[in-house]
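Undergrad: Would you mind keeping the following structure in view while I ask a few things?
The values are calculated or read from the model by the stated rules, or taken from the named source; none is laboratory data. None of these values were measured; they are calculated from a predicted model. Here Cβ is always computed from backbone atoms with ideal geometry, including for glycine, and neighbour counts include all displayed protein chains.
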Amino acid sequence: MYQERVLSGMRPTGRLHLGHYHGVLKNWVGLQAEFPCLFFVADWHALTTDYDEPGKIENAAWDMIIDWLAAGVDPNRATLFIQSRVPEHAELFLLMSMMAPLGWLERVPTYKDQQEKLSHKDLSTYGFLGYPLLQAADILIYRADRVPVGEDQVPHIEFTREVARRFNHLYGREPGFEEKAREAIKKLGSKRARLYEELRTRFQQDGDHGALEQGRALLNDNQSLSMGDRERLFGFLEGSSKMILVEPGALLTEASRMPGLDGQKMSKSYNNTISLREDADAITKKIRTMQTDPQRVRRNDAGDPDKCPVWQFHVIYSDEGVRDWVQKGCRSAGIGCIECKQPVIDAVLREQEPMRERAQTYLDDPTLVRDIIADGCEKARKLAQETMRDVRESMGLDYG
Ligand code: TRP
Ligand code: SF4
C-alpha cells in the first residue's frame, strides 16, 4: 500500500524546552511509528530573518538535533537532515519563483505580521518575502502528503497547495497524456479499471467529491503502479493533466498547553523555560520558586488552582489521584505549595531522565550525530532529485 509521507521542519533555535517537547517533538515521535517521516533543520529559513547573525546557526543546529534525538526521534525510523545540504530545495524555489504571483506572497499573513513584530530588523528583503515559497519548495520537493505544523503555519500550507496547483496547471501537460493515462488504467486490472472510470465520471460530470476521494484511495491502495503512472492517473481523475507536484495537507498540531514558569506561554524570550536535559538541581529550584496563586500569601490561606501556573503543570504531568489531592488540598489550605510542587518536580525529572541518557551518548561521540545527518541528507537528496528530474523535464530544461 502507498504510505503517506510526513515532512516537517524546524528553525535552528538551539536548545529546546518543554514547550517544544510537548508541542512538537512528542507528536513527531508518534508519527514516526506510523509513517515514513522526514524532519529537517530549516537553516535557510533562519537566515530569512536573522541574516545579520550567521554565526549562531551551526551550533544551534547541532544542539537542536541532539534534542530531537534525546526526545526520542529515531534516526532508524525518520530521515533527519539539514535543508542547506540538499541544494535541490533552492533549485525548486528558483523555478517556482518564475510563476509564483507576487500578490500571493504579499498576502501571506505572516509577511506583514512579522515585519511589524520584528520592527527592529529590516525585513524588506527579497528573501523574507519569498520565505513561504521556500517553505513550499521544502514540502513539494518530497511530495509530502502530511505536514505537521502549528496553527500559525496553516496559511503557508494553503499557499503551498495553491502553488502546486498552479504549477501542475502550467507544466503538467505531456505529449500524449490521455493515451498514456488510458494505458495506465489498463494496468489497474479490469475490475479496478472499471471502478476508476466510474469514479472519474462521477467526479467530472457530477462534481461528486466523495467519488474523487474514493478514486484517490483506490490509487493509493495500488502498489503496482509506477510513480509516473500514478501521477498520471491522479491527474486524469481530477481532469487536470499530469500531477507533478503533490498538494500536501496540513496536520494540525494541537497547540501546546505547556505553560512557562510564570503561566505565560513557555518561550525563550519570556525567560520562563525549562530546557530538555536541564540539570536536575536547576529544575528543582526553578519549580520550587515558581509562581503560585498570588492570593495565597500565607500557608493557611486557601488557594485556587485555576489561578496558579503550578496547576497547569499538574494537568500535564499528574494522574487523577494527584490532581484530586491538589484541588482539595489547595482549596482547603490542607497542603502547602512546596508540597504541591513535589509531584511535578518528580514527574519532570522522570520525563527527562531517558532524554539525558540518550543525549549523553551523542555528546560523548559527536561523530554519531554527524553520521546520522550525513546519512539523512543523502536519503533526502535522492528523493529530492527524483522530483527535480520531473520538474526540469516539465519546464523544458531536460537537456538529455
Ligand atoms: N516555517 C516553519 C517555522 O517557522 C519551519 C519550516 C520551514 C517548515 N520549512 C518547512 C515547517 C516545511 C514545515 C514544512 O516553524
Ligand atoms: Fe498552586 Fe498548588 Fe499552591 Fe494551590 S497548593 S496555589 S495549586 S502550588
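Undergrad: Quick one: count up the residues across the stretch 119-177 that are of a type in the set (A, V, I, L, M) and closer than 18 Å to Glu4 by Cβ.
TA: Of the residues in the stretch 119-177, 8 are of a type in the set (A, V, I, L, M) and closer than 18 Å to Glu4 by Cβ.
Undergrad: For Trp311, indicate whether it is of a type in the set (Phe, Trp, Tyr), touching a helix residue (DSSP H, G or I) at 6+ places or on another chain (Cβ under 7 Å) and not assigned by TED's automatic domain parsing to the domain that holds Val86.
TA: yes
Undergrad: Could you please find all residues in the stretch 167-199 being touching a helix residue (DSSP H, G or I) at 6+ places or on another chain (Cβ under 9 Å) and of a type in the set (Lys, Arg)?
TA: Listed by number, the residues that qualify are Arg173, Lys180, Arg182, Lys186, Lys187, Arg192.
Undergrad: Same structure again: List every residue pair whose Cβ atoms lie under 8 Å apart, where the two residues are 6 or more positions apart in sequence or sit on different chains, the first residue falls within the stretch 200-227 and is more than 15 Å from Tyr2 (Cβ to Cβ) and assigned by TED's automatic domain parsing to the domain that holds Ala184, and the second residue, located anywhere, is hydrophobic (A, V, I, L, M, F, W, C) and outside any helix (DSSP H, G or I).
TA: Listed by first residue and then by second, the contacts come to nothing, as the list is empty.
Undergrad: Looking at the structure I just gave you, is Pro75 surrounded by fewer than 19 Cβ atoms within 10 Å (Cβ to Cβ) and on the phi < 0 side of the Ramachandran plot?
TA: Answer is no for this residue.
Undergrad: Can you tell which of Arg146, Arg107 is without any contact (Cβ under 8 Å) to a residue 40 or more places away in the chain, charged (D, E, K, R) and either in the same structural domain as Ala384 (by TED's automatic domain parsing) or within 16 Å of ligand 2 (Cβ to nearest atom) (or both)?
TA: Only one candidate passes the filter, namely Arg107.
Undergrad: A follow-up question, please. Among residues belonging to the stretch 296-317 that are among the β-branched types (Val, Ile, Thr) and closer than 27 Å to Gly19 by Cα, point out the one that is farthest from ligand 1 (Cβ to nearest atom).
TA: Checking each candidate, the answer is Val310.
Undergrad: Here is a further query. Name the residue that is farthest from Lys180 (Cα to Cα), counting only residues in the stretch 255-274 that are touching a residue at least 12 places away in the same chain (Cβ under 8 Å) and surrounded by fewer than 19 Cβ atoms within 10 Å (Cβ to Cβ).
TA: My answer is Asp262.
Undergrad: Follow-up question, since we're still on this one. Name the one entry in Gly176, Gly150 that is of a type in the set (Gly, Ala, Ser) and away from ligand 1 (no atom under 16 Å from the Cβ).
TA: Exactly one residue qualifies, and that residue is Gly176.
Undergrad: Tally the residues that are away from ligand 1 (no atom under 11 Å from the Cβ), closer than 16 Å to Phe93 by Cβ and buried (at least 16 other Cβ atoms within 10 Å of the Cβ), restricting the search to the stretch 160-170.
TA: 4
Undergrad: Please enumerate the residues belonging to the stretch 241-267 that are more than 14 Å from the chain's Cα centre (by Cα) and part of a strand (DSSP E or B).
TA: Answer for the stretch 241-267, where residues must be more than 14 Å from the chain's Cα centre (by Cα) and part of a strand (DSSP E or B): Pro259, Lys265.
Undergrad: In the stretch 37-75, how many residues are closer than 17 Å to Leu25 by Cα, under 17 Å from the mean Cα position of the chain (by Cα) and either among the hydrophobic types (A, V, I, L, M, F, W, C) or within 15 Å of ligand 1 (Cβ to nearest atom) (or both)?
TA: Residues that pass the stated criteria total 13.
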